[in-house]
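Participant: Quick one: the structure is below, and I'll ask about it shortly.
The values are calculated or read from the model by the stated rules, or taken from the named source; none is laboratory data. Being a predicted model, the structure only gives us computed values, none of them experimental. Using ideal geometry, Cβ is built from the backbone for each residue, glycine included, and neighbour counts are taken over all protein chains shown.
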Amino acid sequence: MPDYYREACQNIDELKMEIELYSNSLGEIMGYTYGWWNSFINYRPYDYFKNINIPILFIHGRQDIMVPVESTKYIQDNIQTSSFNYIYIENGDHTFSSNESKDELRINIINWYMEIHK
């Protein structure tokens, strides 16, 4: 995680209050407007995942700075279901921009798909 993200996250509660207070402001935090942040700051996908009972593959790059890997780990630790599978790609960032991580992503998706369609 870049230092400027790490520093901003240390004050996350203050930033959240500021974003909510000035939700339509063009002010920026970490390169994005308050409106952009406000559009999802209170969204909790976890609330929807706990009701899913079909095969789901969570793939997360460990170098992702847009969506912390802890968010997927939280789901893994708190929703115990055999229909969820988790793969963490060590060198993967948010978009799997390196050829190595793209190849690993493709292979994992194909393997998972083949496994659930046996």
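Participant: Where the second residue is at pLDDT below 95 and of a type in the set (S, T, N, Q) and the first is under 16 Å from residue 68 (Cα atoms) and surrounded by 15 or more Cβ atoms within 10 Å (Cβ to Cβ) and lies in segment 90-118, which pairs have Cβ atoms under 8 Å and are six or more apart or on separate chains?
Facilitator: Pairs found: 92/63; 93/63.
Participant: Hey, could you check segment 31-74 for residues that are hydrophobic (A, V, I, L, M, F, W, C) and within 26 Å of residue 100 (Cα to Cα) and say which is surrounded by the fewest Cβ atoms within 10 Å (Cβ to Cβ)?
Facilitator: Keep residues of segment 31-74 that are hydrophobic (A, V, I, L, M, F, W, C), which gives 36-37, 40-41, 49, 52, 54, 56-59, 65-67, 69.
With the extra rule that they be within 26 Å of residue 100 (Cα to Cα), the set shrinks to 56-59, 65-67, 69.
On the way: 56: 15, 57: 15, 58: 15, 59: 17, 65: 14, 66: 10, 67: 12, 69: 16.
Result: 66.
Condition check ((1) under 30 Å from residue 16 (Cβ atoms); (2) aliphatic (A, V, I, L, M)) across all residues:
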{"site": "42", "(1), (2)": "yes, no"}
{"site": "74", "(1), (2)": "yes, no"}
{"site": "90", "(1), (2)": "no, no"}
{"site": "93", "(1), (2)": "yes, no"}
{"site": "96", "(1), (2)": "yes, no"}
{"site": "100", "(1), (2)": "no, no"}
{"site": "105", "(1), (2)": "no, yes"}
{"site": "112", "(1), (2)": "no, no"}
